[in-house]
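Undergrad: Before I ask anything, here is the structure I am working with.
The values are calculated or read from the model by the stated rules, or taken from the named source; none is laboratory data. Just so it is clear, the model here is predicted, and its values are computed rather than measured. Cβ placement follows ideal geometry from the backbone for every residue including glycine, while neighbour counts extend to all protein chains displayed. Accessible surface is based on the protein model in full, side chains and every heavy atom, while ligands, DNA and RNA are left aside. Shrake-Rupley method; radii C 1.70, N 1.55, O 1.52, S 1.80 Å.
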Amino acid sequence: MAKFRGAIVVDKEKCKGCGLCVAACPAKVLDLAKEVNGKGYHYSQMVNPEACIGCASCGLVCPDAVITVYKINVQ
Amino acid sequence: MSIELEDIIKPENIVYKKTPVLTDNVMHYCPGCLHGVVHKIIAEVIEEMGIQDKTIGVSPVGCSVLAYNYLDIDWAEAAHGRAPALATGISRLHPEKYVFTYQGDGDLASIGCGEIMHACNRGENIVVIFINNAIYGMTGGQMAPTTLLGQVTATTPYGRDAKLNGFPLRITELIAQLDGTCYVTRQTVHTPAAVRKAKAAIRKAFENTKKDKGTSFVEIVSTCNSGWKLDPIQANKWMVENMFPKYPLGDMKDI
């Protein structure tokens, strides 16, 4: 079992759906939503939340600073 | 034992969040534009050093002309290419402040080529953040001095031809030869590791201002996915394959 569990919260209305976080995620947690936000962008979301390790790679590469990353130690 | 998301998403478990130095305004940049990442790391450096009320930015003409909407510090707006001249005045009048310019390649390497050379040669105590994406982004993707040979832009529809348009300008290498500069580096921000390295470089540049060492020049090799007509992920890939051979990353000068 993973030593760390993480989770992210995306500010849906500010996300522009560029997909850089999806490409940066090493655990393949993220994908763009089928739905769109108020501006018509397919916002980023967790599709595989159990795999998130809270590494914050998505937050680091996000150009719009819309991602908040949470992390806990499970051991 | 199953852990619910509600157990993880608690304020005490935050490991990464938007710095308060960035305002809540939605950036006008295209989706995936690396300007946003650079704004963010500058804001994080300012927050970590605790210099929010002592920093004065000089914004250029170009896509980042509205940078003053996004970083909650004092700003001045310079005429096209003249940010180093304005920053010179500000830093001489306020030697205790941290003064930086934020310029693109059209602004710094083309119309502002004279200003940046002389500001760096005088060794003004400022930080220069230079965003190089090899194109004029704001005006619709025309050729810039840094455009690569063969690169298709609005004004070079058959690719940049050395005979007609000259060669790409590696301005950071030129600036590294000037005695006034103390730190000249080229970084990028396309991966998490690169973001961390670029942030460390910008932090070092601001520390140099504190020590009154001279001009610190940080080039960030960046993308313009709209101007290059690629999606953000393809643009990052194109940058790695085409920009890095011409614009190799690393420190050129560190004294």
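Undergrad: In Å, the Kirkwood hydrodynamic radius of chain A over pairs of distinct alpha carbons?
TA: 12.3 Å
Undergrad: To continue, here is another question. Mind checking which aspartates and glutamates have their Cα closer than 12 Å to the Cα of B:LYS17? Skip sequence neighbours fewer than 8 apart in that chain.
TA: Within the straight-line limit of under 12 Å, B:LYS17 reaches these aspartates and glutamates: A:ASP11, A:ASP64, B:GLU44.
Undergrad: Oh, and also: Can you give the longest run of chain B that contains no trypsin sites (Lys or Arg not before Pro) sitting in a DSSP loop with at most 15 other Cβ atoms inside 10 Å?
TA: B:18-210
Undergrad: Along the three principal axes, how long is the protein assembly as shown when you take its alpha carbons, biggest first, rounded to the nearest angstrom?
TA: For the protein assembly as shown, the Cα spread along each principal axis is 64, 50, 34 Å.
Undergrad: Can you send over the carbon and sulfur percentage of the accessible area for the protein assembly as shown, probe radius 1.4 Å, protein chains only?
TA: Heavy-atom surface of the protein assembly as shown belonging to carbon and sulfur, 1.4 Å probe: 54 percent.
Undergrad: Next question. Taking a probe of 1.4 Å and counting only protein heavy atoms, give the total accessible area buried between chains B and A in Å², rounded to the nearest 100.
TA: The contact between A and B buries close to 2700 Å².
Undergrad: Could you work out the helix-only [θ] at 222 nm for chain A, with each DSSP H run of four or more residues adding -39,500 (n - 2.57) and the total divided by the number of residues, to the nearest 500 deg cm²/dmol?
TA: Calculated mean residue ellipticity at 222 nm is -2500 deg cm²/dmol.
Undergrad: Using a 1.4 Å probe on the protein heavy atoms only, what accessible surface does B:LEU230 show? Give it in Å² to the nearest 10.
TA: Solvent-accessible area, nearest 10 Å²: 60 Å².
Undergrad: Under 5 Å between amide H atoms, partner at least 5 residues away or on a different chain: which partners does A:GLY54 have, H built in plane at 1.01 Å?
TA: A:GLY6, A:ALA7
Undergrad: The stretch B:32-103: which GluC sites (Glu not before Pro) are DSSP loop and have at most 14 other beta-carbon atoms within 10 angstrom?
TA: For GluC sites (Glu not before Pro) across the stretch B:32-103 that sit outside H, G, I, E and B with at most 14 neighbouring Cβ atoms in 10 Å, the list reads B:GLU96.
Undergrad: Given a 1.4 Å probe, how much area per residue of the stretch A:4-73 is accessible, in Å²?
TA: 42 Å²
Undergrad: Let me ask you something else. Pull up the DSSP beta bridges for the protein assembly as shown and report the antiparallel fraction as a percent, rounded to 5.
TA: 40 percent
Undergrad: Right, here's the next one. Convex hull volume of the Cα atoms in chain B, per residue, in Å³?
TA: That works out to 142 Å³ per residue.
Undergrad: Of the lysine pairs in the stretch A:4-73, how many meet both conditions: Cα atoms under 23 Å apart, and a spacing of 8 or more in sequence or different chains?
TA: Qualifying lysine pairs in the stretch A:4-73: 12.
Undergrad: 5 Å is the cut-off here: which amide hydrogens, built 1.01 Å from N in the peptide plane, fall below it relative to A:CYS18, excluding neighbours closer than 5 in sequence?
TA: B:GLY32
Undergrad: Continuing with this model, one more query. Between B:LEU149 and A:ASP31, what is the FRET efficiency for a Förster distance of 56 Å, r being their Cβ-Cβ separation, to the nearest 0.05?
TA: 0.90
Undergrad: Less than 29 Å apart at the alpha-carbon level, and either on another chain or at least 8 residues along: which lysines does that give for B:LYS253?
TA: B:LYS253 reaches B:LYS40, B:LYS54, B:LYS97, B:LYS197, B:LYS199, B:LYS204, B:LYS210, B:LYS211, B:LYS213, B:LYS237.
Undergrad: Over what distance in Å are the Cα centres of the stretch B:188-232 and the stretch B:104-143 separated?
TA: 14 Å
Undergrad: Starting from the Cα-Cα distance between A:LYS3 and A:VAL74, subtract it from 0.36 nm times their residue separation and give me the gain in nm to one decimal.
TA: Additional length available on full extension: 25.0 nm.
Undergrad: Additional query: What distance in nm separates the two pseudo spin-label positions at B:THR23 and A:VAL47, each 7 Å out from Cα along the beta-carbon direction?
TA: The two pseudo-label positions are separated by 3.6 nm.
Undergrad: For chain A, which span is the longest to avoid every loop-located (per DSSP) member of trypsin sites (Lys or Arg not before Pro) having at most 11 other Cβ atoms inside 10 Å?
TA: A:35-75
Undergrad: Are there residues in the stretch B:22-44 whose accessible area shrinks by at least 50 Å² when all protein chains are included rather than the chain by itself, and which are they (probe 1.4 Å, ligands and nucleic acids not counted)?
TA: B:VAL26, B:PRO31, B:LYS40
Undergrad: Taking R0 as 56 Å, what FRET efficiency do you get between B:ALA79 and B:GLU12 from their Cβ-Cβ distance, rounded to the nearest 0.05?
TA: With a Förster radius of 56 Å, E is 0.70.
Undergrad: Is the shape of the stretch B:1-151 best called rounded, prolate or oblate, per the rule: a/c under 1.5 gives rounded, else a/b larger than b/c gives prolate, else oblate, with a ≥ b ≥ c the square roots of the Cα gyration tensor eigenvalues?
TA: oblate
Undergrad: Could I ask something else about it? Do any chymotrypsin sites (Phe, Trp or Tyr not before Pro) in the stretch B:103-172 lie in a DSSP loop with no more than 10 other beta carbon atoms within 10 Å, and if so, which?
TA: Here the sparse-neighbourhood loop sites are B:TYR158.
Undergrad: OK, next. Send over a whole-number figure in Å² for the accessible area per residue of the stretch B:30-254, probe 1.4 Å.
TA: 39 Å²
Undergrad: Here's a follow-up. For B:CYS30, A:CYS25, give me the order by solvent-accessible area with a 1.4 Å probe, most accessible first, ignoring ligands, DNA and RNA.
TA: These residues rank, largest area first, as B:CYS30, A:CYS25.
Undergrad: Would you mind giving the mean number of other chain beta-carbons within 10 Å of the Cβ of each residue in B:3-15, as a whole number?
TA: 6
Undergrad: Under the rule of -39500 (n - 2.57) per DSSP H run of 4 or more residues, summed and divided by the residues of chain B, what mean residue ellipticity at 222 nm is obtained, to the nearest 500 deg cm²/dmol?
TA: -9000 deg cm²/dmol
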